[in-house]
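The next block holds one structure in the form of structure tokens; read it before the comments.
Values in this text are rule-based calculations from the coordinates and carry no lab data. Not measured: the values here are computed from a predicted model. No Cβ is skipped: glycine too gets one built from the backbone with ideal geometry, and neighbour counts run over all protein chains shown.
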Amino acid sequence: MKIKLDNCEKKVLNIYKKANPSISTNYKKKIKIISDIFLDKLHFPLDKFKSIKIGDFACGSGEIAIFYRMCGHKVYGFDYNKVSIDYANNLKKKLRLTKINFHLKNLRDVKNLFNIVSCCAVLHHLKNPYKVIRSLSKNVKPGGYLILSFGLLTSNFQHNLMKFISRFWGDNDNLIFKNSNILFSNHIKRAMKFGLRKKHQVIYDQFINPHHNYLDLKKVLNLLKGKFILNSMWPKNFIPEGDSAMNVSFLNKNYEIPQSNFYWATKSIDDFLIIKKNTNFKNYEKFKKVAEYFNYPRNKKINSIYLLPDISKNLKKLSKVKKFFYNLDETVNQFFLEVDDIINFLMFKKPSILQVKKKINKYKFLFKGSCGLGINYFIFKKQ
């Protein structure tokens with residue numbers, strides 16, 4: 001079967017024939033991670049829905065489609081990569097699954113309607129991802145859902161910068177492979193561990209792949225505005241939301257949040273480490289103790305409350321706390337100084353790869369830990 005591909009799709013397919021990033025080192029773990037994303041992080045109870053029809057567009061090796069089937073739904077997977085489709089069909093047989101079918105087909109050519117349309121980790125590899133989103137939205141039945149995951153322009157700032165730097169000494173595939181492995185070995189190891197992939201898969205996907213067209217969140221939201229509402233997202237907006245549920249918030253209008261984008265772009269520390277480092281339960285207990293005095297009974301007098309020794313002592317201690325949470329100002333400021341420094345170093349010093357490696361090792365935030373975010377997940381409901 002001949003599948004029509006544009007030049008961009010042909011280039012990406014050629015890369016994926018050499019190293020398919022979709023095929024995982026442990027499909028069971030990957031399905032478990034997918035389950036955690038949808039059921040726990042996105043709070044989307046797919047396992048509680050009555051049997052529905054789901055289309056997984058650009059399904060890759062099929063683990064997401066298989067998760068949908070395990071939730072009790074009839075699933076159709078589409079991909080133009082025969083290697084991925086063959087792998088997905090073999091996995092289907094291994095797990096003895098029925099009511100799930102994988103088709104060798106370009107996502108642009110699928111015209112069927114589905115209760116849920118899913119397209120994960122693919123859009124940023126396409127020539128015109130916004131046009132594809134518009135097309136995918138037409139495949140969703142009224143009241144249905146559109147599930148998208150993709151790399152954001154802001155979240156993947158560091159990934160793009162790493163790609164530029166790995167090409168500084170030439171854009172031959174072998175040279176890019178060698179340079180990225182020297183300069184960004186920690187990032188590659190993390191991607192192997194958390195993405196359940198081998199080294200050559202990570203390097204070909206993130207560094208050698210010639211096409212990463214990361215998306216502008218505001219464009220995506222405006223594109224779907226009026227036809228879809230944002231049901232859930234992960235990660236959530238990084239902003240201390242706390243208005244009453246009755247308050248009308250501009251967050252409900254589905255606009256991007258600058259604080260979130262700065263946080264995702266500069267992110268270097270895993271969530272659990274940030275919480276562990278910045279959570280002071282002793283201070284929280286002091287605050288709760290103060291709050292309790294003002295809670296009940298109603299006949300307390302303000303002067304009698306403040307005369308209690310613990311109130312004054314705890315308020316003074318709370319007033320001296322420096323960090324209640326992640327210090328975003330310091331991180332963003334230092335991060336952009338380091339970005340400016342590495343660009344100037346490359347442009348004016350013309351350094352060797354080992355000199356650049358030494359420079360990168362000295363940075364506090366740039367190219368540390370997760371090197372930004374990677375993939376954002378969004379679930380939209382059709383009105």
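In this structure, the pairs whose alpha-carbon distance is over 19 Å, taken from LYS282/LYS317; LYS10/LYS219; LYS30/LYS236; LYS30/LYS53; LYS50/LYS141, are LYS10/LYS219; LYS30/LYS236; LYS30/LYS53.
Near TYR80: Cβ cut-off under 15 Å, other residues only, Lys/Arg at +1 and Asp/Glu at -1. The net charge is +3. Between GLN158, GLN259, GLN201, the residue with the greatest mean-square fluctuation in the GNM of the chain (Cα pairs under 10 Å linked by springs) is GLN259. Principal-axis analysis of the Cα atoms of the chain puts helix 82-94 at an angle of about 70° to the longest axis.
For the chain, what does the relative contact order come out to in percent, with C-alpha contacts under 8 Å and a separation of six or more?
21 percent
Between GLU330 and LYS289, the contour length at 0.36 nm per residue exceeds the Cα-Cα span by 11.6 nm. With contacts taken as Cα pairs under 8 Å and at least 6 residues apart, the stretch 53-209 reaches a relative contact order of 17 percent.
Between the stretch 105-136 and the stretch 5-82, the alpha-carbon centres lie 13 Å apart. Restricting the calculation to Cα atoms, every distinct pair contributes to the Kirkwood radius of the chain, found to be 23.4 Å. I'd like to know which of PHE57, PHE345, THR98 lies farthest towards the positive end of the charge dipole of the chain, counting +1 on Cβ of Lys and Arg and -1 on Cβ of Asp and Glu. Selected residue: THR98.
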